[in-house]
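The values are calculated or read from the model by the stated rules, or taken from the named source; none is laboratory data. Everything numeric in this text was worked out from a predicted model, so none of it was measured. Cβ sites come from the backbone with ideal geometry, for glycine too, and all protein chains shown count toward neighbours. Quick note on the areas: whole protein, heavy atoms, side chains included, nothing else; ligands and nucleic acids left out. Shrake-Rupley method; radii C 1.70, N 1.55, O 1.52, S 1.80 Å.
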Amino acid sequence: MIGLALKRLAQAPLIVLVVYTITFLLAWALPGSAVINDEGRQPPAAVLEAMERQYNLHDPWVFYWEYLEKASGVEYARARLGWTQRRSEAPVFDFGPSLRHQDWTVNEIIASTLPVSVALGLAAIFFALVIGIIAGIIGALRPNSILDLLSLCLALIGVSLPSFVTGAALLLIFPVWLGWGRVGGWGQLTDMLLPAFTLSLPFAAYIARLTRMGMIDVLSADYIRTARAKGAPERTVVLRHALKNAFLPVLSYLGPAASFAMTGSFVVEMVFNVPGVGQHFVNAVLTKDLFLIMGVVMIYSTLLILMNLIVDLLLIWIDPRTAV
Amino acid sequence: MIKLLVPIVLLLGAIGGVVISDHPLPPSSYTFAQTTDLFTLDPQRVSYQQDIRMSFALFEGLVRWDNETYEILPGVAERWEVSDDGLVYTFHLRTDARWSTGEPVTARDFIYSWERALRPDTAADYTQMLFHIAGAEDYFNWRSEALSMYSALPDFERSIDAALGLRARSLERFRRSVGLAAPDPYTLRVVLRSPTPYFLDLVAFPTYAPVHEATVERWTSIDPDSGRIEQRHGWTKPDHIVTNGPYLLKRWRFKRDARLERNPHYWNQDAIRSESVTMLIVSDANTAQLAFQTGAVDWVEDVIVDYLPEMLAQQDRGERNDLHKAPAFGTYFWSFNCRPTLPGGRDNPFADPGVRRAFALATNKRDIVEKVRRQGEPVSDTFVPPGSVVGYDADRSLAGLSFDPERAREELERAGWVDRNGDGVPDNEAGAPFPVVELLYSTNSYHGEIAQAMSVMWEKALGVRTRVVPKESKIYKDDLKTGDYMIARGGWFGDYGDPTTFLNVHRTGDGNNDRGYSDPVFDELMARSDAELDPDERMRILAEAEKRTITETMPILPLYTYVRYYQFDPERFRGVSMHPRLMQYLYELERIE
C-alpha cells in the first residue's frame, strides 16, 4: 500500500507538467488580447504594450518557462539562494496575478474559493451517499415493488433535471415562500444545505442504481443464505453482511464523483451565489485570464490526483483483494 | 462497518472545517447587490462603474460632484481660484482633511498620486484624463520612451540601481516639466495646457483622487529587467489600505462581499447617513431578485433579468412599485465600418456615407425599442444623450436621421446601387450585387435579437441580403479593433459632463474609434472647439460637429439612450440619485427605519 502511494506520488509531477503544457497551448491559442478590456475604455497603446511585456504576453516561450518556474517553486528557491537580484516576498508557488481581477493574485483567488467548492462538493457527495444508499436498499429488498419504481422515478428525475431548474425551484420554495434559510448568503452551515442537495441529485441517482444492483446480486449469494440459515436477523443480514460487499462499486465510483462534484458546480454556484472556484473555470477562459486559467487547472489537477489516490487507498484498506 | 464510516467522518470533518473558518459580522445599516465584483480599489486604475462608486466611498478628491445636479462641490479643497485665462487653478486644501491613520491630507499627496496616474507603469485606463495638465502628455511619452530604451539595454547594464536611477530622473523631469506646484502643504497650483472648461468635473473623478504614499510605496517594487515600477495590489486589502473618504474598508472577499464602516477621521461626518454598508456580489440576476424578495438585499443596483418587461408590466398595473428607471449617460448604437476596404482587400460598401445614411434611414428604431427591447428606452438619433449636458444643445434642435424607407431607397440609388437585373437586390454600375451585409455582435446578450430585427428591416426596405455574425466577445472585440466587420454593435457611456466625452471617439486615430472614421471637417471642428474660450460658442461648435456625424457622415447608427433600473422599496430605502450619470454615493443612501 505504501509502495503504491509512493509510486503514484512520484508520477504526479509528470502528470501535472503534461496538464500544464496542454493547458498552456490551448489557453495561448485563445483568440483576442488578454489585456484589452472587453467593454469601455482603452488605455493608450504604450500602456497596453507595457502590460504585454510585463506579463510576458509577447513571447509564448518566455511565458511558458517563466510561469512554470514561478508556479513550481523554482523561482522561489533561486531567490532564496540569492541567485536572482529580484527582491520579492512572493509565495513559494506563485501562480501570478489575475489579469482581470487586478487586485487579486491567483493564489489569493484559489485560497478563497477552492475550500468553498471542496466543502460544497464533499457535502453533495455525503447527501448523495445517504439518499442513494437508502433508496438503493429499499429497491433491492422489494424489487419491482411500488417503492422500487418510485425510487427509480426519482433517480430519473435527479439525473435529467438540470440544476438551474431544481436550484431555482428550491430557492423559491424554501427561503422565499417558507422563509427557511436565506438567498445569496454564504457562511452558515444552513447556507450549504440547498446547494449541496441540488448538486447531489445526479450523484444520488447513480449511487442508488449502483447500490440496488449490488444488493440484488449479493442478496442471492451463498454466504447470505448461510447467514439467514444461522438465524441472523434480517437487519443484520442486510446492513452488516450484504451492504459491505454491495458498497464496493459505490466506493470506487466516489473518487470520480467527488472530483466531478467539486469541479462541476458552476451552475449551482451561480444559482445559489456560492463563492466557489467553479465559475472561474468558465469565466477565466471567456476573459482569457491566462494566469488564472493556468493556476486553477494546475491546482485542480493536483487535487484530483490526490483525491483518486485517497479513494484507491481507502478501497484497498477496506477490501485488500482490490490491491492485486 | 467501522471502516465504512471512516470516509464519511472524513467528509463531515472537511465540511465543518470550512464552515468554522468563517466569521460573520453584525448586520450592516444596509445591503446592496451588484452583479460583478470590484476589479480594483486603486483609484488611479479604476475604470468600471462599480469600482468608481466604491472609490467615492473610500477616497475623496479635491472636489466632488453633487450627484443630483453635477455642480462642483468642495472636497479636500475647501475653495479654489481660476485665472482669467482659464489656465491656472489654485486649490486651497482644508486643514482638517485626514487619512484614516490620522495624518493630514496635503498637496504633496495629490502630486504623488497624479504622477502615479501619469506614469505608464501604472497602466491606468484613464491616464489621458490627466493630459490636460501642462507637460503631462509629454511626461507620459518621455517615460514610455525611456522605459523601452532601458529594456533594450544589454543585461549587465540593467540592475535595480539602474532602474532606481531612471526613476529618480523621471521624478526630476516630472517636477521640472509638469504644471503642478505646492507652494505650501495646503495649496496646490495646477497649470493646464489649454483652457478646459470641464476641468473641475475631471478633478472630481477617482483618477485624480489622492492615495497614501507610504502605504502604496510599501507595496511597490522595481523590476530590474524592464525598469518599471511594479505595483503589488496587496495594499488595497482591508488590513493595509489607508483611505481619506467617508468609509473604511472592513472586509473585501473575492467575488463575495465587501463591508464599509464609518471613517472616524473623515472631516465631514454629517454627510455619512449610514454607519456601515454591505456590498453583496450576486452574479445571477435571478438570484438577486429572490434575495431582494426575501429582504436580504435593500437595493439592487441594476435589474438585468430577462423578465424585466413583465416586471415593468406589473408595475404599470400597480402591482409593484420597486422599479425605478433612470435614463443613463450612454447611447446604444451600431457602428458602420468606415474604412475603404475590409481585411483581405474586399470592397467595403459602407465606406460611402450615402450607403450609411440609407441604412440609417431604413431602421425603425421605435419598433426595436417597443417590440424587441420592451424596457422603455427612449429612441435616440444623437450620440450625446439629449439634455444630459448642461448648456449643450439647450433648445434640443439636434436631430438625426429617423425612419424613412422611401428616402432610404433614394439615398441608396444616389450612391449608385440600383436593382439593374430585376432580382430585387441592388447592383452597382458594373452589375455586381450589393455584398451580403454582415452584422457583427457579441454573443450571450440581447444584441442578437436587435440584429435579427434590423436585418429584416433592411432586407425589406433596401432589398439587400444580410447575415448575422454572432461571435464570442473576445473575438468580437478583436474584429472590431482590426476593422474586420461591416456593421457591428456598440455602446458608449460618458465620463464627464461635456460633449467631448462622447465626440472624442470620432476623432481620427482615437483609441476608441473602432470605425476607422476619419473626417477632416469633423476634426477641424473639434480642434476649433479645443481652442475656443467662450463656453457658449464652444458648445455651438461641438453641436455642429455632432450634427455632421448624425445627419451626413453617420459613422454610427444611434438606436436608443440606455436606461438603468434600480430596485428598492421607496418606503424602506432612500437617497438613490436618478441622474443620468448614475453615480451613487454609498454614504448618502440609507434604510428608512
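Key figures
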read-out	value
Meets criteria (surrounded by 19 or more Cβ atoms within 10 Å (Cβ to Cβ), in the same structural domain as B:Asn513 (by TED's automatic domain parsing) and touching a residue at least 60 places away in the same chain (Cβ under 8 Å)) for B:Arg357	yes
Total residues in the range B:264-295, condition part of a helix (DSSP H, G or I), under 25 Å from B:Pro104 (Cα atoms) and touching a residue at least 40 places away in the same chain (Cβ under 8 Å)	1
B:Phe292, sole failed condition from (1) on the phi < 0 side of the Ramachandran plot; (2) away from chain A (no Cβ under 14 Å); (3) open to solvent by 10 Å² or more (accessible area, probe 1.4 Å)	(2)
Wholly within the range B:467-564, helices (runs of 4 or more DSSP H) carrying at least 3 residues that are among the small types (Gly, Ala, Ser)	B:520-531
Hits in the range B:296-310 (condition: more than 9 Å from every other protein chain (Cβ to nearest Cβ) and either assigned to a loop (DSSP other than H, G, I, E, B) or open to solvent by 10 Å² or more (accessible area, probe 1.4 Å) (or both))	B:Asp298, B:Glu301, B:Asp302, B:Val303, B:Ile304, B:Val305, B:Asp306, B:Tyr307, B:Pro309, B:Glu310
Residue match in the range B:45-58 (condition: over 29 Å from A:Asn273 (Cβ atoms), part of a loop (DSSP other than H, G, I, E, B) and not basic (Lys, Arg))	no
The range A:213-231, residues that are away from chain B (no Cβ under 14 Å) and open to solvent by less than 40 Å² (accessible area, probe 1.4 Å)	A:Met215, A:Val218, A:Leu219, A:Ala221, A:Ile224, A:Ala227
Residue that is farthest from B:Val369 (Cα to Cα), among those in the range B:411-456 that are among the β-branched types (Val, Ile, Thr) and not in a helix (DSSP H, G or I)	B:Val418
Verdict on B:Ser473 being open to solvent by 30 Å² or more (accessible area, probe 1.4 Å), assigned by TED's automatic domain parsing to the domain that holds B:Arg356 and in contact with an Asp or Glu (Cβ under 7 Å, 6 or more places away or on another chain)	yes
Members of the range A:18-42 that are in contact with a helix residue (DSSP H, G or I) (Cβ under 8 Å, 6 or more places away or on another chain), open to solvent by 20 Å² or more (accessible area, probe 1.4 Å) and closer than 30 Å to A:Leu314 by Cα	A:Val19
Whichever residue in the range B:70-95 is touching a residue at least 12 places away in the same chain (Cβ under 8 Å) and surrounded by fewer than 15 Cβ atoms within 10 Å (Cβ to Cβ) and, among such residues, is farthest from B:Tyr585 (Cα to Cα)	B:Asp85
Selected residue (criterion: surrounded by the most Cβ atoms within 10 Å (Cβ to Cβ)) from residues of the range B:102-122 that are within 11 Å of B:Phe140 (Cα to Cα) and hydrophobic (A, V, I, L, M, F, W, C)	B:Leu118
Single unsatisfied condition, B:Ser47 versus (1) modelled with pLDDT of 90 or more; (2) under 21 Å from B:Asp302 (Cα atoms); (3) within 11 Å of chain A (Cβ to nearest Cβ)	(1)
Count of the range B:468-512 residues which are out of contact with any strand residue (DSSP E or B) (no Cβ under 7 Å at 6 or more places or on another chain), more than 10 Å from every other protein chain (Cβ to nearest Cβ) and in contact (Cβ under 8 Å) with a residue 24 or more places away in the chain	10
Single condition A:Leu239 does not satisfy, out of (1) surrounded by fewer than 16 Cβ atoms within 10 Å (Cβ to Cβ); (2) among the hydrophobic types (A, V, I, L, M, F, W, C); (3) more than 25 Å from A:Ala155 (Cα to Cα)	(3)
